Amino acid sequence: MNDPLDGPEGSDPEEQDRYLAAMQDLTAAMAASGTSFRERVEPVLEVGREHLGFPNGHVTVVSGDEHEIVASSGLQSTITAGDETPLSETYCRHTLNESGIYVVTNASEELSADPAYERFGLEAYVGATLRADGAEYGTLCFVNDAESIPEFSDWQQTLFEHLTQWVEAEIERELAVDTREQSQRLLEATFNSPETFIGILDADGALIRANETALGFVDADDDAIFGEPFWETPWWNHNEDIACRCQDAVEQASEGEMVRFEAEHVGADGQRISTAVVARPVMVDGTVQKIIVEGTDITDLKRREEQMEFFNSILRHDILNGMTVIEARAETLAGALGGTQATYAETILDWSRDIVDLTQKVRSVLSTMSDDGLTEAETIALGPVVEGATRKAASMDTECTLKTDISEGIEVVADDLLDDVVGNILTNAVEHGGPGTTVEVTTERVGSIVQLRIADDGPGVPAGERESIFEKGERGAESTGTGFGLYFVSVMVDSYGGDIWVEESDLGGSEFVVSLPAE
């Protein structure tokens, strides 16, 4: 930028004086600026109007074809802040295509057919593109609605460049304030979440702030608890063991460690809740500056876990033990009796085995859903699992054909209930496929996933039912089962980190695809 005050000898003294006066007025306007964006910018626009010789100056923001005036000085009856116009009907569209200052000195001769001239009748215009944070923001413009103007002098162009730079700085300042305010509002909204208790501690464990949810639960006065050791505040002091657990967690966090634990709390109204608590350090240059403690209400979750454990206990101790006795007695009777009585005993034995099997599956699902699985997932060879399940399914119908093509050495992540998972799908295929059905079992490795495919030539599963058959209690129209089998399969496969779905088989029936992690 060339400064007219630094011009060579012989420069017009009058031009230098005018430029000096303009810069002095600009400096005064910037120093006296107000608090809002408009209050800061509009006095500067007024300086530009006076020294550039235009009745109006304004700042616009442009987005697509949207053009809005956000600050304006002069010509209030024609142009005011808040006015919106399609960009295609403004001179600003030309400005945005220019790399420097865009000037229209006599629009009636230069741009008589321009949509902007037809709409506003502005005779003269000068504008420059405004950028903020490296992106296009809008324009800085000065307009004359009635008279043409001479070409800009060097000092006027320099002044205009100063104005552009100052307005861009103000825009960036305003955007930074907006971003900061938005972040603060987001932070406050997160901090005051009605679902979470949050406390902020200093590095020594003294409480310095708590959110409204936490304060409301214990009906505490800020002044009474802020500055106190966190474990001595009303959330913890009702139980010595819980208070010690909290103190230990805070001390570990003060050493840079994140700690998780569960706790119980008593509210001001006597309400008891359970929370999952996380104490985590806030580090600056490797030093713990603050500690944030968050507690999430898990009362309903704990209640459901207790209910599941209760039902699991009934299944395990009462129903399963009782059915085991019935099964043993039925087996004895079936071997000792003959004729119709032996048939009845065999029926009792079959039903007993089915109920025992179903009970074990329900237990597995309950344990899985409560995050307390019966066994840990491990790497299991898939071949032997499929071979065992195939033999069991083949025994159901001597006329059926079961073919397997399992890659040697293939392994998946599952547990010892995978036998039941695969067996359930195979027995379903044989049972619902009809006499003499053909079932093919294959595997395919897809990246870190193994797909076990079980295809049959039976009647298939209608497309509209391929998702619902895995839901609890769903069963086919001809099925005599409980509708639990495929739900059990779905829950267990999900617990392994896998997936299951149904496709149309190349054999003409259904193809169940079980996707399991290989590692």
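Charge tally around Arg93: other residues with Cβ under 10 Å, Lys/Arg +1 each, Asp/Glu -1 each, net -3. Computed 3J(HN,Hα) for region 58-68, one whole-Hz value per residue from the Karplus formula 6.51 cos²θ - 1.76 cosθ + 1.60 where θ = phi - 60°, is 8, 10, 10, 10, 10, 9, x, 9, 8, 10, 10, glycine and proline marked x. Counting only DSSP beta bridges with both residues in the chain, the antiparallel share comes to about 95 percent.
What whole number of Å gives the distance from the Cα centroid of region 202-224 to the Cα centroid of region 85-107? About 57 Å separates the Cα centre of region 85-107 from the one of region 202-224. The amide H of His67, built 1.01 Å from its N in the peptide plane, has Thr85, Leu87 as neighbours under 5 Å, considering only residues 5 or more places off or on other chains.
Taking every alpha-carbon pair under 8 Å whose residues sit at least 6 apart, the chain reaches a relative contact order of 7 percent. Put the Cα centre of region 249-308 next to the Cα centre of region 407-475 and the gap is 43 Å.
For region 112-183, the list of trypsin sites (Lys or Arg not before Pro) that fall in a loop by DSSP and count at most 15 other C-beta atoms within 10 angstrom is empty. In region 376-518, one over the average inverse separation of all distinct C-alpha pairs is 15.0 Å, which is the Kirkwood hydrodynamic radius. Taking a sphere under 12 Å around the Cβ of Pro43 and counting the other residues whose Cβ falls inside, with K and R at +1 and D and E at -1, yields a net charge of -3. Within the set (1) 41; (2) 63; (3) 58, the number that percent of Cα pairs over 37 Å apart takes when calculated for this structure is listed as (2). Using a simple spin-label model with pseudo-atoms 7 Å out from Cα toward Cβ, Glu181 and Arg272 lie 4.8 nm apart. What does the C-alpha gyration tensor say about the overall shape of region 13-180? Classify as rounded when a/c is under 1.5, otherwise prolate if a/b is larger than b/c, or oblate. Note, shape of region 13-180 comes out oblate. One decimal place: the segment Glu378-Arg38 gains 115.8 nm when fully extended, by the rule 0.36 nm per residue minus the C-alpha distance.
Over the Cα atoms of region 141-252, the radius of gyration divided by the Kirkwood radius equals 1.45; this is the Rg/Rh ratio. Computed over protein heavy atoms with a 1.4 Å probe, the carbon and sulfur contribution to the accessible area of the chain reaches 46%. Each residue of region 415-429 was assigned a 3J(HN,Hα) from its phi angle through the Karplus expression (A = 6.51, B = -1.76, C = 1.60, θ = phi - 60°), giving 9, 6, 8, 4, 4, 5, 4, 5, x, 5, 5, 5, 5, 4, 4 Hz with x at Gly and Pro. Shown here for region 429-474: trypsin sites (Lys or Arg not before Pro) in loop regions (DSSP other than H, G, I, E, B) with at most 13 other Cβ atoms within 10 Å, namely Lys472.
The values are calculated or read from the model by the stated rules, or taken from the named source; none is laboratory data. Everything quoted here is computed from the prediction, not taken from an experiment. Cβ atoms come from the backbone with ideal geometry, glycine included; neighbour counts cover every protein chain shown. What goes into the accessible areas is simple: the full protein's heavy atoms, side chains included, and nothing from ligands, DNA or RNA. Shrake-Rupley method; radii C 1.70, N 1.55, O 1.52, S 1.80 Å.
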